Amino acid sequence: MVIDLHIHSKTCSDGSLTVEEIVKEAKIRNIGLMSITDHDSICCQEKAVILTKSNGIRYVVGVELNVTLQQTEYLKGKSVSLDFLGYKFDAENKELNHKLLQIGKYREERAIKILEKINMKFQDEGIEKLTKTDIDEIQSSVDGVIGRPHIATYLVRKGIVRTVQEAFDKYLVECDVPKFPLHIEEASRLVRNAGGILVLAHPNDPHGTSLVTLTKSLQEQTNIIEELFLKDIDGVECWHSRNDFATTNHYVKFAKGHGLIMTGGSDCHQKPIIMGTVKVPKYVAEQFSDR
């Protein structure tokens, strides 16, 4: 069975495919178990459930939440962001929906502040500033919740940078604005109260939001989990498109040692489409059935 429990859509997040296109592609790729885990948004879950059912694909309701973590020992009190995947929750839960609407509104305000900071850099570099028309175009390109990748893509379209990665390297990292301050205890409570489980996403992702920000040592990473938020999670994403062999082995062993659920997925956002390319063991699906 092909399994992918980490996919992003254009409909509600920063992917390149709509929910309809994702399900169609999943069918072509023989994906038997999947989840669309959009950033801070569950607006497409109802549609995803209906479409996957009609295509004979088993579906798990999902979301990806960005959480602010404070780690005194490693960052001297500075905050760091980590991503967590919520699964199997009630997508109609009022408290969860209210919080996600609040986060979505903050994301829009944050995007404006990021653009203001980028304009300051443009002024210093002699580049024409982005206007309200530019901002409107960025917002109109977003079907779901706006994020930095949408801004990066627009900078590529304008010819200011050549690639999305260059946009991040030159502007979006330096011009970043703090994300919504959702803490791990609240994220865990929201998902669990909605009947779901919370899973640490891509813990050792070298190019993403991960524990690598704190330490590259796998052992130190799992020490941090044990010390700070083991009680707040139900699982760990052990298979990921940017995992190496050592990372997957380490986290499988860690998850088994603590009785945690193990998940995996491509984290597919954009072209080339990598959906279903991560080899997630069949027992992950069986594990979900048992929970």
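Key figures for this structure:
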| quantity | calculated |
| --- | --- |
| Ordering of 263-269, 54-60 by packing [mean C-beta count within 10 Å, highest first] | 263-269, 54-60 |
| Cβ crowding within 10 Å averaged over residues, with 192-199, 234-241, 215-222 ranked highest first | 234-241, 192-199, 215-222 |
| Long-range amide H partners of Ile261 with built H, under 5 Å | Gly235, Val236 |
| For Cα extents along the principal axes in Å, calculated from these coordinates, the label among [x] 58, 49, 38; [y] 74, 42, 37; [z] 57, 55, 37 | [x] |
| Nearest-0.05 FRET efficiency for Lys231 and Glu73, computed from C-beta distance (R0 22 Å) | 0.75 |
| Interchain or long-range residues, amide H under 5 Å from His183's placed H | Thr68 |
| Out-of-range pairs (alpha-carbon distance over 20 Å; input Lys113/Lys216; Lys216/Lys253; Lys179/Lys231; Lys78/Lys129; Lys53/Lys99) | Lys113/Lys216; Lys179/Lys231; Lys78/Lys129; Lys53/Lys99 |
| For region 1-136: rounded, prolate or oblate by the Cα gyration tensor [a/c cutoff 1.5] | prolate |
| Inter-part distance where region 197-248 and region 88-129 are each reduced to a Cα centre, Å | 25 Å |
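Since every read-out is calculated from the coordinates, none of them should be taken as a lab result. Only a predicted model underlies this, so the values are computations on that prediction, with no experimental measurement involved. Positions of Cβ are backbone-derived with ideal geometry, glycine not excepted, and every protein chain shown enters the neighbour counts.
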